[in-house]
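Everything below concerns the one structure shown next.
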Amino acid sequence: MNFLLTLAYDGTNYCGFQVQPNGRSVAQTFQDALQAVLGSRPDIKGCSRTDAGVHALGFKLNFHADTRIPPEKLPLALNQHLPPDIRVLDAQVVPEDFHARYAAHTKTYLYRIHNHPIDSPFDAAYYTRVPRHLDEARMQAAAQQFVGRHDFLALCAAGSSAAAHGDTVRTITDCHVTRKGDEIDIEVTADGYLYNMVRILAGTLCEAGAGRLDPAEIPAILESRDRSRAGPTLPAKGLFLKCVEYDL
């Protein structure tokens, strides 16, 4: 059977989802749990790579396995063998040809900002602190400029394989900014992303919120395809993969 699982994880102590030679990954840790439960290490297909330090609220992966464990019992069985910073939230059986990455229609990322001079003592590992006041209305005006089908090379870090192959056009269907007290959330929904794209987008919105960038400049930045014209790459710890949408 082909199982589709939903995971939540704290990426602080991992080198990303994908197995890497230079550190412990979420995938490797998850496969260790699969080995303990199933007695084998099936190939797992993740919906995204997620970089080092990035978190997930609704990460999707699938794998093929023969097991008598019903899908509704699989999360509990796996969680008994996973560290507390990785949790399986749900499991279901999907068609044999389903692939968690290629079947995804959209992925939504959340970037969290603590807009205050002082860190919170409780969740500083899960946001980026920006001490100077940000104007969320300016940020929202800039965010709307990203919606649509564009070449996002200006929001792509160096070393991207997509950039090397000229594959830098993506479609953002929603991008919005909300504030609640000192917390600012940036949410982006798109059909795909470039390397560090959301972290650069968030950094660009912060430049607009700080008054250093006119929101009306966003189209020209995208048209320039020049990374130096966009904002900084914000830290990974504020970024969460929120959800992935499929036709199931």
Count of residues meeting criterion [over 25 Å from Pro235 (Cβ atoms) and not in a strand (DSSP E or B)] in region 53-91: 18
Residue in region 3-21 that is assigned to a loop (DSSP other than H, G, I, E, B), open to solvent by 20 Å² or more (accessible area, probe 1.4 Å) and polar (S, T, N, Q) present: yes
Subset of region 161-191 [open to solvent by 10 Å² or more (accessible area, probe 1.4 Å) and either in contact with a helix residue (DSSP H, G or I) (Cβ under 7 Å, 6 or more places away or on another chain) or modelled with pLDDT under 95 (or both)]: Ser161, Ala162, Ala163, Ala164, His165, Gly166, Asp167, His176, Val177, Arg179
Lone qualifier among Glu136, Glu207 - being of a type in the set (D, E, K, R), open to solvent by less than 50 Å² (accessible area, probe 1.4 Å) and in contact (Cβ under 8 Å) with a residue 24 or more places away in the chain: Glu207
Any hit, region 23-46, residues being more than 26 Å from Ala202 (Cβ to Cβ), assigned to a strand (DSSP E or B) and touching a Pro at 6+ places or on another chain (Cβ under 8 Å): no
Filtered residue count, region 91-124, keeping only those that are farther than 18 Å from Val198 by Cβ, open to solvent by less than 40 Å² (accessible area, probe 1.4 Å) and in contact with a Lys or Arg (Cβ under 6 Å, 6 or more places away or on another chain): 1
Single unsatisfied condition, His55 versus (1) over 24 Å from Ala103 (Cβ atoms); (2) surrounded by 18 or more Cβ atoms within 10 Å (Cβ to Cβ): (1)
Qualifying positions in region 214-248 - touching a residue at least 60 places away in the same chain (Cβ under 8 Å), surrounded by 21 or more Cβ atoms within 10 Å (Cβ to Cβ) and in a loop (DSSP other than H, G, I, E, B): Ala230, Leu234
Unique residue being open to solvent by less than 40 Å² (accessible area, probe 1.4 Å), of a type outside the set (S, T, N, Q) and not assigned by the TED database to the domain that holds Ala190 when the list is Leu34, Leu76: Leu34
Output for region 64-80, where each listed residue is closer than 19 Å to Gly46 by Cα, of a type in the set (A, V, I, L, M, F, W, C) and either free of Cβ contacts under 8 Å to residues at least 60 places away in the same chain or touching a strand residue (DSSP E or B) at 6+ places or on another chain (Cβ under 6 Å) (or both): Leu74, Leu78
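The values are calculated or read from the model by the stated rules, or taken from the named source; none is laboratory data. For clarity, every value in this text was computed on a predicted model and none was experimentally measured. Note: ideal-geometry Cβ built from the backbone for every residue, glycine included; neighbour counts use all protein chains shown. The protein model used for the area step is the full one, side chains on, heavy atoms only, and it has no ligands, DNA or RNA in it. Shrake-Rupley method; radii C 1.70, N 1.55, O 1.52, S 1.80 Å.
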